[in-house]
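Here's the structure we're looking at; comments come further down.
The values are calculated or read from the model by the stated rules, or taken from the named source; none is laboratory data. Remember, predicted model here, so these are calculated numbers, not experimental data. Neighbour counts are summed over all protein chains in view; Cβ atoms, including those assigned to glycine, are modelled from backbone coordinates with ideal geometry.
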Amino acid sequence: MRKTGIAIALVPLLCGLMASARAQGAGQSGSSGVTTSSEALEGLLDASGTNRYYKVGPGDVLDIRVFGEPQFNGPVEVDEDGNIEIPFVEKPIKVKCLTRNEVRKAIAQELARYLRDPQVSVRVIEQRSKTPAIVYGAVRAPQRLQMLRRVRLLEVLASAGGVTEQAGGTIQVFHTEPITCPETEEEMALAAQEKAQQTTDDVFRVPFDVYNLEDLKLGKPEANPIIRPGDIVIVQEAAPVYVTGAVVSPQGIYLRETTSLMTAIAMVGGLRKDAKPNEIKIYRRKLGSLEPEIIKVDFNEIRRQKQKDIALKPYDIIEVPGATVTKGTLMQTLLGSAFSSVTTLGTAIPLRVIY
């Protein structure tokens, strides 16, 4: 479902991530920090070393050469309107959303007014128009992705090493840049829709979409959209619950869908022999209070289907009597999760290029 915007409080985070992406992208351009694949490049790069499908945009720098006419030679930057200016050519030439070969033909067509059969070559020497996308959250290797072709969500997640066991059921895709070169009817309609939704307070509004991870795993096309330059892809982490005490493997587990008490106990290996299933307690956070709500459960009654199973909520703590659970153990688990999240956000995100 498409959302029209996000709360103001989230905007500084997104802006900070995009500023970091631009700054690190500029600093690492051409360095060993950029990962490439020779298999991916095969058949995609033309003789000039440029992706043959790359579409020129504002900020890109082109190197133009005209055989036997050095007065036309040199680098030219595409302006914010998507135009370039050629010496002695009266009007700017529109090159936005053209491939390198299409730009070459457009320049040759203009120069044909003054030259006989001009031989033009064009190279894209700086690709500045495609802001890297960012993927982070519950992925194995958060990445900034410089996408020089059309890339879908599944490939973006694969480039980040896939999702982790902490992944929840939703993926958010924030669109920080407008669609600049729509190709399909769907993209054209979406670009028109976003333009129509623009208001005077656009600085505080970032459109985003939410996708279901299970639908993506099942191969449903609607869950695998094209990821645009500048997009921020966040794989939401599932909320944890903690199972402690007389169970086989006390640990925190993650709520991806509605999870019941019986399911949670099964996920940690079941009850130990010394467990007291009729004395289980669930400690639940209570809004506006430091004291948790305590829910007493007779698990035997649930197993006999004489009592309805209990749906768990985020951050529930399930205590099964029969083993000692210290505050230190719980604090170590809770703080470990928190420090892991902070470290993920604070670490510099590497850059990959998808050709």
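Worth pointing out:
- The one condition in (1) crowded, with 19+ Cβ neighbours inside 10 Å; (2) over 28 Å from F72 (Cα atoms); (3) out of contact with any strand residue (DSSP E or B) (no Cβ under 6 Å at 6 or more places or on another chain); (4) not hydrophobic (A, V, I, L, M, F, W, C) that K130 fails to fulfil: (2)
- Residue identified as closer than 24 Å to F174 by Cβ, of a type in the set (V, I, T) and either modelled with pLDDT of 90 or more or assigned to a loop (DSSP other than H, G, I, E, B) (or both) among I234, I282: I234
- Residues (touching a Ser or Thr at 6+ places or on another chain (Cβ under 7 Å) and not β-branched (V, I, T)) located in the stretch 232-244: Q236, P240, Y242
- Across the stretch 110-127, the number of residues qualifying as part of a loop (DSSP other than H, G, I, E, B) and buried (at least 21 other Cβ atoms within 10 Å of the Cβ) comes to 0.
- Selection of the stretch 298-317 for residues being in contact (Cβ under 8 Å) with a residue 40 or more places away in the chain, hydrophobic (A, V, I, L, M, F, W, C) and not in a loop (DSSP other than H, G, I, E, B) yields I302, A311, I317.
- When residues of the stretch 238-273 are limited to those that are modelled with pLDDT of 90 or more and within 28 Å of P142 (Cβ to Cβ), the one surrounded by the fewest Cβ atoms within 10 Å (Cβ to Cβ): M267
- You will find that of I86, I107, the residue that is out of contact with any strand residue (DSSP E or B) (no Cβ under 6 Å at 6 or more places or on another chain), more than 26 Å from I354 (Cα to Cα) and surrounded by 17 or more Cβ atoms within 10 Å (Cβ to Cβ) is I86 and no other.
- Residue identified as closer than 30 Å to G269 by Cβ, touching a residue at least 24 places away in the same chain (Cβ under 8 Å) and not in a strand (DSSP E or B) among E177, E165: E165
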